[in-house]
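Readers should treat all values here as calculations from the given coordinates under stated rules, not as data from a laboratory. Because the structure is a prediction, the values reported are computed rather than measured. Here the Cβ positions follow ideal geometry from the backbone for every residue, glycine too, while neighbour counts run over all protein chains shown.
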Amino acid sequence: MTVRLILEYPDPRLRQRSLPVATFDAALRQLIEDLLETLYAKGGIGLSAPQVGELRQVAVADLSGTRSAPRVYVNPEIVTRSRPAIVEESCLSVPGVVGKVLRSTRLRVRARDATGAGFEQDLADMDAVCLQHEVDHLAGKLFIDRLSPLRRLRLWTMARSARQATPRPRGSDI
Ligand code: ZN
């Protein structure tokens with residue numbers, strides 16, 4: 001397993017749409033292992049393949065805080081979702097920025113696992129928020145796109161000065 005370099009905004013690869021996975025082979029399993037290793041190394045809760053420069057519809061998550069509940073979503077699709085609520089998000093690809101966005105707090109996702117087997121899963125609260133954030137990544141979207149222009153501008157100024165000053169706290173980045 002390898003800890004991969006995480007692309008950061010404004011890398012144009014983060015804006016591209018990832019392609020669905022058609023072949024469930026050793027290369028895919030390697031990518032999934034690398035994503036999990038990278039997620040754990042960075043102290044995040046979710047990570048998508050485009051964030052490490054692989055434009056494939058693969059995302060991983062682990063919200064256990066103890067690296068004990070890795071989840072893998074290949075070609076994920078949100079089938080149903082509840083009405084949205086305001087939640088706070090951050091992203092490993094947008095260091096230093098935390099913002100409030102609208103997300104459904106309950107949803108049903110349909111996806112495949114590393115072997116290609118299909119499954120459906122009901123997610124709530126942060127699990128649901130994380131999955132929506134990752135599905136956005138696979139479509140080339142970032143959570144900051146969901147903030148108002150004024151808020152985006154202000155956060156960017158803060159992020160820039162934060163990056164030059166102290167390291168940010170870790171543990172909740174998606
Ligand atoms: Zn993210």
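Relative to the longest principal axis of the Cα atoms of the chain, helix 125-138 runs at roughly 90 degrees. Between VAL3 and THR115, the C-beta separation translates, for a Förster distance of 22 Å, into a calculated FRET efficiency of about 0.35.
Within the stretch 75-116, list the residues whose amide N lies under 19 Å from a label point set 7 Å along Cα→Cβ of ARG152. Correct set: 87-103.
For the stretch 39-48, backbone phi angles converted through the Karplus equation (6.51, -1.76, 1.60; θ = phi - 60°) give residue-by-residue couplings of 4, 5, 4, 8, x, x, 10, x, 8, 10 Hz, Gly and Pro being listed as x. Amide H contacts of ARG56: LEU19, each under 5 Å away and 5 or more positions distant or on a separate chain (H built 1.01 Å from N in the peptide plane; Pro and chain starts excluded).
Take PHE24, PHE119, PHE143 and order them by how many other Cβ atoms sit within 10 Å, fewest up front.
Working: PHE24 15, PHE119 10, PHE143 25.
Going from least to most buried by this count: PHE119, PHE24, PHE143.
Please give the calculated 222 nm ellipticity per residue for the chain, where each DSSP H segment of at least 4 residues contributes -39500 (n - 2.57) and the sum is spread over every residue; nearest 500 deg cm²/dmol?
Values: 3 runs with 47 residues, N = 174.
Per the formula, -9000 deg cm²/dmol.
For the stretch 1-114, rounded, prolate or oblate, judged on the Cα gyration tensor with a ≥ b ≥ c (square roots of eigenvalues), a/c < 1.5 rounded, else prolate if a/b > b/c? Show your work: numbers first, answer last.
Numbers: a/c = 1.40, a/b = 1.18, b/c = 1.19.
Here the stretch 1-114 falls in the rounded category.
Summary of the geometry: the stretch 108-141 and the stretch 12-28, compared by the centres of their Cα atoms, lie 15 Å apart. In order along the stretch 143-157, the phi-based Karplus estimate (6.51 cos²θ - 1.76 cosθ + 1.60, θ = phi - 60°) of 3J(HN,Hα) comes to 5, 5, 5, 8, 8, 5, x, 5, 5, 4, 4, 5, 5, 5, 5 Hz; Gly and Pro are listed as x. Across the stretch 10-23, coupling constants 3J(HN,Hα) worked out from phi with the 6.51/-1.76/1.60 Karplus curve, θ = phi - 60°, read x, 4, x, 5, 6, 9, 8, 7, 7, 8, x, 7, 10, 10 Hz, and Gly and Pro carry x. Amide hydrogen proximity for LEU92: with H placed 1.01 Å from N in the peptide plane, the residues at 5 or more positions away or on another chain lying under 5 Å are ILE174.
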